[in-house]
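Below is a structure I'd like to ask you about.
The values are calculated or read from the model by the stated rules, or taken from the named source; none is laboratory data. No experiment lies behind these values; they were computed from the predicted model shown. Note that each Cβ is placed from the backbone with ideal geometry, even for glycine, and that neighbours are counted across all protein chains shown.
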Amino acid sequence: MNACDGVTSIVQNYEALSSLMGLMSEAAAQGQWDRLTALETQCREQVALMKQVDTQQVSLSEDGRARKKALILKMLADDATIRRHAQPWMEKLEWAMRVTSKEQQIRRAYAGR
């Protein structure tokens, strides 16, 4: 692979990851938790691929660096949106799990009587 291919590959990988993060943000905003989870798996796979490419230490041009920076900023904004939508759902899930655990403890305590 020549340097130009590496640069293209790096930027394309960031664009692919940014696209997935955008889809995750949409899924979170719509409360589509199963879809969000599936997209998160795809993100992890994309990051693993990117780690392999990033070890090649290819220099990016000024435009390439600017595009990479813009993509990273977009991904950070998408991540904040995902967290904002997922946090209330996670808190409900934690509460439900605590209540279920307490109910099980009470049932076990009274089962022996």
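Quick check on segment 30-41. Is at least one of its residues without any contact (Cβ under 8 Å) to a residue 40 or more places away in the chain and among the hydrophobic types (A, V, I, L, M, F, W, C)?
Scanning segment 30-41 turns up at least one residue that is without any contact (Cβ under 8 Å) to a residue 40 or more places away in the chain and among the hydrophobic types (A, V, I, L, M, F, W, C).
Can you find, within segment 56-106, the residue that is nearest to Leu23 (Cα to Cα) among those that are part of a helix (DSSP H, G or I) and among the polar types (S, T, N, Q)?
Out of the qualifying residues, it is Thr81.
Taking segment 19-71 on its own, how many of its residues are of a type in the set (Val, Ile, Thr) and within 25 Å of Met90 (Cα to Cα)?
3
In segment 1-45, which residue that is touching a helix residue (DSSP H, G or I) at 6+ places or on another chain (Cβ under 6 Å), modelled with pLDDT under 95 and of a type in the set (S, T, N, Q) is surrounded by the most Cβ atoms within 10 Å (Cβ to Cβ)?
Asn13
Which of the numbered conditions does Lys51 fail, given that it passes all the others? Conditions: (1) surrounded by 12 or more Cβ atoms within 10 Å (Cβ to Cβ); (2) in a helix (DSSP H, G or I).
(1)
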